[in-house]
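Trainee: Before we start, here is the structure in question, set down as structure tokens.
The values are calculated or read from the model by the stated rules, or taken from the named source; none is laboratory data. Fair warning: this is a prediction, and the values are worked out from it, not measured in the lab. Every residue, glycine among them, receives a Cβ derived from its backbone with ideal geometry; neighbour counts consider all protein chains shown. SASA here: full protein model, heavy atoms, side chains in, ligands and nucleic acids out. Shrake-Rupley method; radii C 1.70, N 1.55, O 1.52, S 1.80 Å.
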Amino acid sequence: MTYRVDPHVKVLTDRVVERAKRAGLDAIVYAPHFTRLPETRERAAAYSDDDLLVIPAREVFTGTWRNRKHVLALGLEEPVPDFIPLETAMAEFERQGATVLVPHPEFANVSLSEADLRRYADVIDAIEIFNPRHFPWDNRRARDLADSLSLPPFTSSYAHLPRSVGVAHTALEAAIETEADLLEAFDDGVARRVIYDDGPYRWSTTASELGNLVYENTWEKVDRLFLSGTEPTHPQHIAYDGRFDDAAVY
């Protein structure tokens, strides 16, 4: 059996669910920025149905704003904040037995480097080899890294906009019915295919997503840093009961 999943989506609305179903997806992984895990779980459950499984996850922003290393964690039992050292986050993921996926490797200042990938190869379950926000040379570099490190590949839409959902997905050769089944498939490195649209619609999606990236790193960043107060996923937020106070790097 083939199970089609988009393992990294930032938005979740009725329109997103409709597009996912129209694209023939069986599941999407919902991992919004700066949103605590309980809220993500609640929203994912509200949008799941018999035709589309919505799985909650966290893309944790490790490191500082100037040097952020993003890691996607599925199957977390306990919340993990942003703005903690990469080694702290990886140790926490390993402690919880989380499924660890690496999005957009070696992209700008927001990604794991080759050295990071080598250091944590035994913790990482898959590496993204195609991202619609990337240019061809970025995706080639990601594929080369996955090959050289013998890490299983995946692709996702990395959708920050509803129109992007379905432009890329991973087809796992496994019988999957539940979230636990999906995590086990990634953990076990089951056979899979990376499937993506590389035609005109893909490039219009890339243009739209890059426009959104500019917005994220200009006005939205100013709003987050200076106007919105403490992030819900900041390690010193009261929700984490002081567990990560000493680990905060921002």
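Trainee: Could you please report the charge total around Y250, scoring K, R as +1 and D, E as -1 over all other residues with beta-carbon less than 11 angstrom from its beta-carbon? Display every interim value, and only then the final one.
Mentor: On the way: positive: R66, R68; negative: D82, E231.
Around Y250, the surrounding residues sum to 0.
Trainee: Additional query: I'd like the distance separating the alpha-carbon centroids of segment 1-46 and segment 139-202, in whole Å.
Mentor: 14 Å
Trainee: About the Cα centre of the chain, what is the dipole size in debye to 20, counting +1 per Lys and Arg Cβ and -1 per Asp and Glu Cβ, all else neutral? Spell out each step's value before the answer.
Mentor: On the way: 27 positive and 42 negative charges, 194 e Å.
That gives the chain a dipole magnitude of about 940 debye.
Trainee: Would you work out the Kirkwood radius for segment 14-75? I mean one over the mean of 1/r across all pairs of different Cα atoms, in Å.
Mentor: Numbers: mean 1/r = 0.0792 Å⁻¹.
Here the Kirkwood hydrodynamic radius works out to 12.6 Å.
Trainee: Ok, one more. To the nearest 20 debye, what is the magnitude of the charge dipole of segment 26-106 about its Cα centre, counting +1 on the Cβ of each Lys and Arg and -1 on the Cβ of each Asp and Glu?
Mentor: On the way: 8 positive and 14 negative charges, 91 e Å.
My answer is approximately 440 debye.
Trainee: Round to a whole number: what % of the accessible area of the chain belongs to carbon and sulfur, probe 1.4 Å?
Mentor: Details: 5400 of 10900 Å².
Roughly 50 percent of what the probe reaches on the chain is carbon or sulfur.
Trainee: Which parts of segment 22-43 would a label at D197 reach, counting a residue when its backbone N lies under 12 Å from a point 7 Å out along Cα-to-Cβ?
Mentor: Only 22-24 pass the distance filter.
Trainee: Let me ask you something else. Under a point spin-label approximation (7 Å from Cα along Cα-to-Cβ), what is the D181-R15 distance to one decimal in nm?
Mentor: A separation of 3.2 nm, rounded to one decimal place.
Trainee: What residue among T64, A44, V54 has its Cα farthest toward the positive end of the dipole of segment 33-78, where the charges are +1 on Lys, Arg and -1 on Asp, Glu, each on the Cβ?
Mentor: T64
Trainee: Taking only DSSP H segments of four or more residues, each worth -39500 (n - 2.57), what value at 222 nm results for the chain once the sum is divided by all its residues, to the nearest 500 deg cm²/dmol? Show your work: numbers first, answer last.
Mentor: Working: 8 runs with 82 residues, N = 250.
Mean residue ellipticity at 222 nm (helix-derived): -9500 deg cm²/dmol.
Trainee: Set the Förster radius R0 to 30 Å, insert the Cβ-Cβ distance between R22 and D147 as r into 1/(1 + (r/R0)^6), and round the FRET efficiency to 0.05.
Mentor: After rounding to 0.05, the efficiency reads 0.40.
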